[in-house]
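See structure below.
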Amino acid sequence: MQVLIVEDDHHLAAELDRGLESQGFRSRVVSTGREALSLHAEVEVVLLDIGLPDMDGLEVCRTIRATSNVPIIILSGRVDEFDRVLALKLGADDYVTKPHSLRELAARLEAVTRRARDRREAPIPTSTGTIGADVRELRELRIDVRSRRVTVNEQEVHLTRREFNFLELLAREPGKVFSREMIMIEAWGYRDAGDTRTLGVHAASLRRKLGVPVIETVRGVGFRLAL
Ligand code: CA
């Protein structure tokens, strides 16, 4: 199975490359988030460092997960519970702390790819208000998660990346209130999660672009998509 190793520490990357090859994996090494985003579709599993030179690894994880189900294991020196929880919330399948045991890492790589295979073979769940897993529809609003396109009354609306992430999050559970912090973490990535002041600005811009009153403010709490 082919593993994409995303690691900017060349010494560690070479060690992982050799180690995983010795465990029977084929691997490919890149050192930036940008390369990870362009190559993840070509491999079966991604092993992702958090501290990368061009992007936060968690942001890379979230961006990959917006369009792909490729298994992702975060490999990080950060042992903080907050980082682990956040990585899993952003769509990582597992989190391994450096320094790691090669045998354990190999076992975890196999476990996440096995689970991904099982998921692919299971039927896609559908529920009210959704068509398959990739399109969410609510009255005049239609969100295609895979192509990141939004239409209102069949007219395409051009959103920024953050506006799209914000809307897509609310649309996962229409009617449910999402807290400001939750929205910032899920839609913005965790680096800026401490600063929720700009959220109102983005909400206003999103409402203006959509032109229909679907985003409700719940004072002192957060936002929800109107049912
Ligand atoms: Ca690093």
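The values are calculated or read from the model by the stated rules, or taken from the named source; none is laboratory data. Fair warning: this is a prediction, and the values are worked out from it, not measured in the lab. We place every Cβ from the backbone using ideal geometry, glycine too, and count neighbours over all the protein chains shown. Side chains included, ligands, DNA and RNA excluded: accessible areas come from the protein's heavy atoms. Shrake-Rupley method; radii C 1.70, N 1.55, O 1.52, S 1.80 Å.
Worth a mention:
- Cβ-Cβ FRET estimate between residue 102 and residue 218, R0 fixed at 35 Å, reported to 0.05: 0.15
- By the helix-only formula, in which each DSSP H run with n ≥ 4 contributes -39500 (n - 2.57) and the sum is divided by residues, the chain has a 222 nm mean residue ellipticity of -11500 deg cm²/dmol.
- Rounded to the nearest 5, the antiparallel percentage of DSSP beta bridges internal to the range 2-121 is 5%.
- Average accessible area per residue (Å²) across the range 2-121 - probe 1.4 Å, nucleic acids and ligands excluded: 48 Å²
- For the chain, the residue among 101, 64, 74 whose Cα projects farthest onto the positive side of the dipole built from Cβ charges is 64.
- Compactness of the chain was expressed as the Cα radius of gyration divided by 2.2 N^0.38 Å, which yields 1.10.
- Partner aspartates and glutamates for residue 89 [C-alpha distance under 18 Å; skip if fewer than 8 residues away on the same chain]: 49, 56, 59, 80, 81, 168, 173, 181, 186, 192
- Exposed trypsin sites (Lys or Arg not before Pro) absent - longest run of the chain, DSSP non-H/G/I/E/B, at most 10 other C-beta within 10 Å: 1-196
- Percent antiparallel among DSSP beta bridges (both partners in the chain, rounded to 5): 55 percent
- Length, then width, then depth: along the principal axes, the Cα atoms of the range 2-121 run 35, 31, 28 Å.
- For the range 2-121, a simple Cβ point-charge model (Lys and Arg +1, Asp and Glu -1, everything else neutral) yields a dipole of about 460 debye relative to the Cα centre.
- Dipole in debye (nearest 20) - the chain, about Cα centre, beta carbon charges: Lys, Arg +1; Asp, Glu -1: 820 debye
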